[in-house]
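Colleague: One structure follows; several queries about it will come next.
Every number in this text was worked out from the coordinates using simple rules, so none of it is lab data. Fair warning: this is a prediction, and the values are worked out from it, not measured in the lab. Cβ coordinates were reconstructed from backbone atoms using ideal geometry, including for glycine residues, and neighbour counts include every protein chain displayed.
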Amino acid sequence: MEANTPTGQLVNGAMVYGTSMGLFWILKFMLVPFIFTMPLASLSFLGLTAAVPFVGYFLVRQYRNRYCPGGRIGFTQAWMFSLLMYAFAALLVSVAHYVFFRYVDGGTMVATYRSLLDELQATAPEMDELMKQYRQAADMVAAMTPIELTVQLIMNNLFYGMLLALPTALFVSLKRNRGQGKQ
């Protein structure tokens with residue numbers, strides 16, 4: 001498939017903009033080791049996570065303005081581009097996930113999470129049943145290999161990317177088309 005065909009242009013554009021989104025996700029993921037111990041890191045992570053749909057909208061809009069004739073894009077093309085962009089971003093950030101879980105973490109995050117659960121249970125014994133559920137979740141994560149964790153995170157990112165692609169495509173396709181009709 002050649003890069004100058006509409007489909008090739010869509011895929012190549014999705015790779016380029018997906019790389020930008022993936023780098024954004026990697027920067028966001030760099031805060032993860034600190035979210036249990038540093039409130040500012042946790043707050044920053046949540047803020048950056050909330051920004052993902054807006055960054056996605058911005059990137060799809062940039063694609064539309066740069067590659068689509070007259071700055072117009074149909075819903076289907078915007079949706080396919082969004083899906084591919086999020087898929088390429090998920091693949092890129094999965095490399096960072098694997099490196100982190102394989103070579104850096106060594107179970108530290110789960111151990112920190114468990115110690116926080118112990119502290120919480122000591123201060124609020126009435127939450128014993130909830131703490132059991134959280135411990136079971138921590139045990140399941142601790143039992144996973146780095147590749148299993150990475151695959152799970154890829155699947156999560158693909159799922160959330162599919163959800164975000166719909167409104168992103170809708171807003172990007174409507175925004176410029178509506179503005180074109182007024183001129």
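Colleague: Around I73, which amide H atoms from residues at least 5 apart in sequence, or from another chain, sit under 5 Å from its own amide H, with H modelled in the peptide plane?
Modeller: Long-range HN contacts for I73: N177.
Colleague: May I pose another question? Testing the spin-label approximation: label points 7 Å from Cα along Cα→Cβ at A50 and A137. State their distance in nm.
Modeller: Label at A50, label at A137, 2.0 nm between them.
Colleague: Nothing charged except the Cβ atoms of Lys and Arg (+1) and of Asp and Glu (-1): what's the magnitude of the dipole of the chain about its Cα centre? Round to the nearest 20 debye.
Modeller: Values: 13 positive and 9 negative charges, 267 e Å.
With Lys and Arg at +1 and Asp and Glu at -1, about 1280 debye.
Colleague: Moving to a separate point now. Angle, helix 75-99 long axis vs. longest principal axis of the chain, Cα atoms, 0 to 90°, nearest 10?
Modeller: Approximately 40 degrees, to the nearest ten.
Colleague: For helix 128-143, what angle does its Cα long axis make with the longest principal axis of the chain, in degrees from 0 to 90 and rounded to 10?
Modeller: In the chain, helix 128-143 runs at an angle near 70 degrees to the longest axis.
Colleague: Note the angle between two axes, namely the Cα long axis of helix 6-29 and the longest principal axis of the Cα atoms of the chain, as a number of degrees from 0 to 90, rounded to the nearest 10.
Modeller: 30
Colleague: A further question follows. Which one is right for this structure if Rg and Dmax of the Cα atoms in Å is calculated from it: (i) 17.0, 55; (ii) 16.7, 46; (iii) 20.1, 65?
Modeller: Matching the structure shown: (iii).
Colleague: How large is ³J(HN,Hα), in whole Hz, for each residue of region 149-161 in order, when computed from phi with the Karplus curve 6.51 cos²θ - 1.76 cosθ + 1.60 and θ = phi - 60°, using x for Gly and Pro?
Modeller: 4, 5, 4, 4, 5, 4, 4, 4, 5, 5, 4, 5, x
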